[in-house]
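Here the structure comes first, spelled out in structure tokens, and everything after it is commentary.
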Amino acid sequence: MSLPGAVVTLGQFIISRQSDYPYAKGELSRLLRDIGIAAKIVNREVNKAGLVDILGAAGDTNIQGEEQKKLDVFANEQFIAALKAGGECCAIASEENDDIIIIDNEISRNAKYVVCMDPLDGSSNIDVNVSIGTIFSIYRRVSLSGPGTVEDFLQKGTEQVAAGYIIYGSSTMLVYTTGFGVNGFTLDPSIGEFCLSHPDMQAPLDGNIYSINQGNFVHFTPAVKEYIKYCQEEDLENGRPYSLRYIGSLVADFHRNLIKGGIYIYPPTLKSPKGKLRLLYECNPLAFIAEQAGSKATNGMQRIMEIQPTDIHQRVSLYIGSTKMVEKAEQFIEATKLDLNKSI
Ligand code: AHG
Ligand code: MN
Ligand code: MN
């Protein structure tokens, strides 16, 4: 494929993998390429966030009289524009839009794919220079032709054909899967390319990091409270107490745990009785990546990717990360005989 030591760019890698889909005609490759381009534009703005007026609230007017956009609005617009221009996607479901966005033009109307996205994940961290991300998930449409429909999005996560995230962190990375393992690319700003830096990512089976907003402890279910106590107990043989790490950007917490080993939990709380995170554009894509890297993702009882969506903005509980840690947390749920179905 390439000489030892030679840089493999995202574009080259996508093309080299196209033979994984003998039935495909390159549309998925072009879709992934379009997402990569939008990611670079968003990255540029993220890096300027402390310097320019973009930190203002959406709807504010800057000194030039131009309307200011918050980064999540900007990111949403950039990804939508890239997907519209690419012509491979007939509809988009975004965290930022109540309804699906139908791309009803000559080129896109009959396109094969729909895309779900959280254009800017961890938005509370933008103003404080902490890692944020983008999450995306791609499905083949179920409607045969014509404008995309809501039904095209209400597919189980097991039907995803690709999913990924971009983390805008100490460096910017794009990590994605098409169901043939997980590969990570780091943006080299000097050449403006995502370069393969983490080939065939495998997550540790076990770990010693737990990530949860423990400030909500009082509102957690007994099972989650018990599991947290377990994480904090001393058990030198098994590496406990575990370390607590919680950035508050799902992408960043997930990415760290994927590399180092750990569990991320967003359980039901009093404020968010169904959990806070969204099935279509937060949980399913990360669940696909987790499983492809040898990790696990459940709602405490059921595999995330087997949940039948009924709404594009549906929320679910999430237990995701190192397989042994997720299974341990599930044992606590089982043990307290908590019927999550009642609280979900
Ligand atoms: P978003 O910025 O897309 O709304 O997502 C925020 C999510 C997720 O990234 C993060 O892990 C979680 O909300 C944090 O929630 P809490 O502040 O309730 O812990
Ligand atoms: Mn989010
Ligand atoms: Mn968001």
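The values are calculated or read from the model by the stated rules, or taken from the named source; none is laboratory data. Being a predicted model, the structure only gives us computed values, none of them experimental. Here Cβ is always computed from backbone atoms with ideal geometry, including for glycine, and neighbour counts include all displayed protein chains. The area values use the complete protein model at the heavy-atom level, side chains included, leaving out ligands, DNA and RNA. Shrake-Rupley method; radii C 1.70, N 1.55, O 1.52, S 1.80 Å.
Of Asp99, Asp20, Asp200, the residue with the greatest mean-square motion in the GNM of the chain, using alpha carbon springs below 10 Å, is Asp20. Here's the picture: charge each Lys and Arg Cβ at +1 and each Asp and Glu Cβ at -1 in the chain, and of Thr336, Leu120, Gly133 the one pushed furthest to the positive end of that dipole is Thr336. Rounded to the nearest 500, the helix-only mean residue ellipticity at 222 nm of the chain stands at -8000 deg cm²/dmol, with each DSSP H run of n ≥ 4 adding -39,500 (n - 2.57). With contacts taken as Cα pairs under 8 Å and at least 6 residues apart, the chain reaches a relative contact order of 15 percent.
Surface composition of segment 185-298: carbon and sulfur make up 50 percent of the accessible area, probe 1.4 Å. The GNM of the chain, with springs linking C-alpha atoms under 10 angstrom apart, assigns the highest mean-square fluctuation among Ile265, Ile101, Ile320 to Ile101. Extension gain, Asn47-His313: 0.36 nm per intervening residue step, less the Cα-Cα distance, totals 92.9 nm. In this simple spin-label model, placing a label point 7 Å from the Cα along the Cα-to-Cβ direction at both Leu270 and Glu233 gives a separation of 2.7 nm. Multiplying each eigenvalue of the alpha-carbon gyration tensor of segment 229-306 by 5 and taking the square root yields semi-axes of 22, 16, 12 Å, largest first, rounded to whole angstroms. Full extension of the chain segment joining Arg240 with Gln331 gains 31.0 nm, where the gain is 0.36 nm per residue of separation less the Cα-Cα distance. Over segment 10-198, what is the relative contact order in whole percent, taking alpha-carbon pairs under 8 Å and six or more residues apart? Result for segment 10-198 is 15 percent. When the square roots of the Cα gyration tensor eigenvalues are ordered a ≥ b ≥ c, the ratio a/c for segment 209-343 is 1.5 or more and a/b does not exceed b/c, which makes its shape oblate.
Extension gain for Ser124-Ile107 works out to 2.4 nm (0.36 nm per residue, less the C-alpha to C-alpha distance). For the chain, the Kirkwood estimate of hydrodynamic radius, built from reciprocal distances between every pair of different alpha carbons, is 20.7 Å. For Lys48, the lysines whose Cα comes closer than 22 Å to its Cα, not counting residues fewer than 8 places off in the same chain, are Lys40, Lys69, Lys70. Comparing Ser295, Ser19, Ser249 in a Gaussian network model of the chain, where Cα atoms under 10 Å apart are tied by springs, the biggest mean-square fluctuation is seen for Ser19. Surface calculation, 1.4 Å probe, protein heavy atoms: His198 sits at approximately 60 Å² accessible.
The distance between label points at Arg30 and Asp188 comes to 2.8 nm (points 7 Å beyond Cα on the Cα→Cβ vector).
With contacts taken as Cα pairs under 8 Å and at least 6 residues apart, segment 209-343 reaches a relative contact order of 28 percent. Accessible surface calculations at 1.4 Å, restricted to protein heavy atoms, place the chain at 45 Å² per residue. Taking all protein chains together and a 1.4 Å probe, the residues Phe136, Phe332, Phe180 rank Phe180, Phe332, Phe136 from largest to smallest accessible area. Using only side-chain charges placed at the Cβ, +1 for Lys and Arg and -1 for Asp and Glu, the dipole size of the chain relative to its Cα centre rounds to 460 debye. Go through Leu187, Pro204, Gly248 and say which Cα lies farthest out towards the positive end of the charge dipole of segment 172-251; charges sit on Cβ, +1 for Lys and Arg, -1 for Asp and Glu. Positive-most Cα among the choices belongs to Gly248. Spin-label model, Lys260 to Glu226: label points 7 Å out along the Cα-to-beta-carbon direction sit 2.8 nm apart.
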